[in-house]
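The numbers here are math on the coordinates, done by the rules we state, and not lab data. Note that this is a predicted model, so its numbers are computed, not measured. Note that we place each Cβ from the backbone using ideal geometry, even for glycine, and neighbour counts take in every protein chain shown.
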Amino acid sequence: MPHLPGNTASPPNHVQRMMAGMAARAATGASGDGCCAPVPTLVTAPNAASRARRSRLSDLDPHVHCSIIGTCLSTMELRKLVPRYAVLLDRKTASDLDIHHAAVELSTAGGAAVKELNKALDTRHALTVRRFKNAADDAALRALWQAALANGDVAGAYWAVMTHPAGGVALRGLAFGDVHMLSHLVGASNRADIRRLAALEKENDALKEQGGRQQARQHEMSAHHEHVVRQLEQQVAQLTGRRGQQLAAVGAADELARLRDTLADGARQIALHTARRSDAEQKLQQQEDALQTLRAAQQRMQEDADAARAEIEALEQALERALAQSQQPGASASALPRLNGICVVYVGGRPSSSTMLGQMVAAAGGELLVHDGGIEDRRGLLAAMLPRAQMVVFPVDCISHNAMHVTRQACAWLGIACHPLRTASVASFVELMRRLGVAAASAA
């Protein structure tokens, strides 16, 4: 999550406009929660019992479950928890998106799964929830949220604000909006992420070297401890063997006391070395866990960087191809491979890019049908479009979970190829069409 300051205030009329938009959506029967949709109700009107305790995940509007689960829980935690309840989900082969989608569905279904998710959220962010607990009113809670947003501590603060008994609808709407806008900045931070990837790789190598040195040191300490224990055992055996001979020269009581002191000193040394060894093993385990976390973060950033490079390369080649065709007399410029009358249905996305995509597909000899996923277009319109299509695409960052689920089910039932796009950008669409065109040419 990038470190960005939040808005210092949210005008009352902004919250009213968001709530009015929701009422209009409910009156007209519109469905879907597409990108930049009005902020949901977030919670129902509080009663005396809810004001006396923190809200649970099941108390909140299901529309905010996606942002809470995606912001406040890591994919590793969800991968351990979700497959226990989503029996059809394979823990090893499921993608991060499948895990997240299943977690959101479980949170809205209720039952034991939502209780486990609520418990995981409380456990992970216990310190932040305890710090926010001291806020007695909306103003104090708002100040804590703004401070957490400025410091980049968004995950725990978001869970604490959304469940705090003193938080009003306006403040929760502000927190929801701030988290929503932060998600838009992820795509803009690709260049910084690439630089951070190089730094993480260097730090990863340093941690590996440090872990090797500490492991060698641990082995040396373990061998030294075992040597000391053997020496002490030998000393005890020697003292015990000489006990009978020394009792004749010195008093039995003094010799017994000296042996007891020696044994007690040996026991203390053994306990000291054992404690040091346990502490060293614990520190080594912590460093190994941190190294695994860094490796996972590095892998995710590498995958995002590779996808961004592939999209940029596809867009550059498409532009070069269109430029070369435009310079040929009588040839129409096309940035995409020849589609030969193929009909493509595009579900979700943004209107600004859909128009450009339609022109590019038409220039390549195809037809593009656009459905917004149910924001304004009816669901029945999508059902009418699909039988005409030979291919269906949708951007995973600009489509509701419900629209994505319905689209995949319909494509599977009709036997139509369905392809997700990484983003709603033109570059992602061009990269997919180029990749599919290359694959079709290789198969031919």
*Using the Karplus equation 6.51 cos²θ - 1.76 cosθ + 1.60 (θ = phi - 60°), what ³J(HN,Hα) coupling, rounded to whole Hz, does each residue of segment 400-408 give in order, writing x for Gly and Pro?*
6, 4, 5, 5, 4, 5, 5, 5, 5
*Mind giving me the nanometre distance, one decimal, between the label points for Ala383 and Val87, set 7 Å out from Cα along Cα→Cβ?*
3.0
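If packing is taken as the average number of other Cβ atoms within 10 Å across a peptide's residues, how do 93-101, 340-348 rank, most packed first? Working shown, then result.
Numbers: 93-101: 15.6, 340-348: 20.1.
Sorting 93-101, 340-348 by mean packing, highest first, produces 340-348, 93-101.
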*Among the lysines, which have Cα under 20 Å from the Cα of Lys119 when same-chain residues fewer than 8 positions away are ignored?*
Lys80, Lys133
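So, counting K/R as plus one and D/E as minus one, what does the shell of residues with Cβ under 11 Å around Arg56 add up to?
Overall, the nearby charge balance is +2.
Could you state, as a whole-number percent, how many of the C-alpha pairs of segment 109-155 are farther apart than 13 Å? Mind dumping the intermediate values first?
Working: 689 of 1081 pairs.
The share of Cα pairs beyond 13 Å in segment 109-155 comes to 64 percent.
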*So who's got an amide H within less than 5 Å of the one on His371, skipping anything under 5 residues away but keeping other chains? H placed 1.01 Å off N, in plane.*
Tyr346, Val347, Gly348
_Packing-based exposure ordering (other Cβ within 10 Å, fewest first) of Asp304, Asp205, Asp178, Asp122_ = Asp205, Asp122, Asp304, Asp178
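Based on other C-beta atoms within 10 Å, arrange Glu303, Glu116 from fewest to most.
Numbers: Glu303 12, Glu116 17.
Taking fewest neighbouring Cβ atoms as first place, the list is Glu303, Glu116.
Which semi-axis lengths, in whole Å and largest first, follow from the square roots of five times the eigenvalues of the Cα gyration tensor of segment 129-172? If you can, show how the numbers build up before the last one.
Working: eigenvalues 42, 21, 19 Å².
With the √(5λ) rule applied to segment 129-172, the semi-axes are 14, 10, 10 Å.
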*Using r as the Cβ-Cβ distance of Glu209 and Arg300, and R0 as 22 Å, what FRET efficiency do you calculate, to the nearest 0.05?*
0.40
*Please report, for the Cα atoms of segment 343-443, the Rg to one decimal and the Dmax as a whole number; what are they, in angstrom?*
12.7, 40
